[in-house]
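The structure under discussion appears below in the form of structure tokens.
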Amino acid sequence: MMKQIIIVAGGSPKYWPEMSSYKKNETFWVGVDRGAWFLLENGITPDYAVGDFDSLSVEEFKTISEVVSEVVKAPREKDETDTQLGLKIAMSECDDCPIILIGATGGRMDHLMANFWLMLEPRFQEISQRFMIKDNQNSITFYQSGSHVVEKEGDKDYLGFLCVTPVADLTLRGVKYPLNNYQAAYPISFASNEFIEGYANFEFSSGVVVVVQSKDK
């Protein structure tokens, strides 16, 4: 039974989160460009490999083509990033599974920002609240307007709220630094907050808020 979809981009595995909790037979794996090769190196055969594969050698791509059942090779010059192509595949595979993107941090800043802004695209907003970016220090989740509860991850000490659009009536409860009906006229980050207990509540009436749980190395 599929429990989640994990998209692996081409960032170094040294930044990956702990992978032992993701059972291979309960996860649908999408390797994006060199991310497909990194999965193979770590003993996981992706269900899909997608991208222009310009970061792979001829022999590496040949290996992927031989062992991965579904390989979608895109032209190098295209209107979508490799990660966008991977996300479209994930959306087509499951209507309600969590979608986790790893391998998206720790490398080129333009790649990071392209991935960070994905959930502001209208075509992806329907999945924004089941999409997460993870690495070995951070968990990044995306929220549309409404009332929400965030559960503390056991190894994370800090909690950040990022208004990535103008946000109306932002209220934070159950945190060290609460907020009441804040009007964010422009993108702003409320960083280095902390949980008081094992969960926090927040609400807002319009806009998009990104929540980051993080820890120091």
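Filter region 175-199 for residues that are over 22 Å from the mean Cα position of the chain (by Cα), open to solvent by 30 Å² or more (accessible area, probe 1.4 Å) and not hydroxyl-bearing (Ser, Thr, Tyr) and give the result.
Answer for region 175-199, where residues must be over 22 Å from the mean Cα position of the chain (by Cα), open to solvent by 30 Å² or more (accessible area, probe 1.4 Å) and not hydroxyl-bearing (Ser, Thr, Tyr): 176, 178, 179, 180, 181, 183, 185, 196, 197, 198.
Does any residue of region 57-72 turn out to be out of contact with any Cys (no Cβ under 7 Å at 6 or more places or on another chain), under 20 Å from residue 142 (Cα atoms) and in a helix (DSSP H, G or I)?
no
Going through region 105-120 one residue at a time, which ones are of a type outside the set (S, T, N, Q), in contact with a helix residue (DSSP H, G or I) (Cβ under 9 Å, 6 or more places away or on another chain) and over 18 Å from residue 74 (Cβ atoms)?
Those that are of a type outside the set (S, T, N, Q), in contact with a helix residue (DSSP H, G or I) (Cβ under 9 Å, 6 or more places away or on another chain) and over 18 Å from residue 74 (Cβ atoms): 106, 107, 119, 120.
Just name the residue that is least open to solvent (accessible area, probe 1.4 Å) out of those in region 61-78 that are more than 15 Å from residue 8 (Cβ to Cβ) and of a type in the set (Asp, Glu).
Checking each candidate, the answer is 66.
Determine, yes or no, whether residue 78 is modelled with pLDDT of 90 or more, in a loop (DSSP other than H, G, I, E, B) and among the charged types (D, E, K, R). Explain how you work it out, then say what you get.
Details: modelled with pLDDT of 90 or more: no; in a loop (DSSP other than H, G, I, E, B): yes; among the charged types (D, E, K, R): yes.
Taking the combined requirement at face value, the residue does not satisfy it.
Out of all the residues in region 200-217, which are more than 21 Å from the chain's Cα centre (by Cα), open to solvent by 40 Å² or more (accessible area, probe 1.4 Å) and either closer than 16 Å to residue 160 by Cβ or aliphatic (A, V, I, L, M) (or both)? Full working, then the answer.
As a first pass, look at region 200-217 and keep what is more than 21 Å from the chain's Cα centre (by Cα): 201, 203-206.
When the remaining residues are screened for being open to solvent by 40 Å² or more (accessible area, probe 1.4 Å), the result is 201, 203, 205-206.
Selection gives 201 alone.
What are the residues in region 101-152 that are over 15 Å from the mean Cα position of the chain (by Cα), among the β-branched types (Val, Ile, Thr) and open to solvent by 20 Å² or more (accessible area, probe 1.4 Å), if any?
149
Which condition from (1) surrounded by 14 or more Cβ atoms within 10 Å (Cβ to Cβ); (2) modelled with pLDDT of 90 or more is the one that residue 92 breaks?
(1)
Give 212, 208, 175 a once-over and let me know the one that is at pLDDT 95 or above and farther than 28 Å from residue 121 by Cα.
Just a single option satisfies the conditions, and that option is 175.
Mind counting the residues in region 6-43 that are open to solvent by less than 20 Å² (accessible area, probe 1.4 Å), of a type in the set (A, V, I, L, M) and part of a loop (DSSP other than H, G, I, E, B)?
Qualifying residue count for the region: 1.
The values are calculated or read from the model by the stated rules, or taken from the named source; none is laboratory data. This structure is a prediction, so every number in the text was calculated from the model and none was measured. We place every Cβ from the backbone using ideal geometry, glycine too, and count neighbours over all the protein chains shown. Note: areas computed on protein heavy atoms with side chains; ligands, DNA, RNA excluded. Shrake-Rupley method; radii C 1.70, N 1.55, O 1.52, S 1.80 Å.
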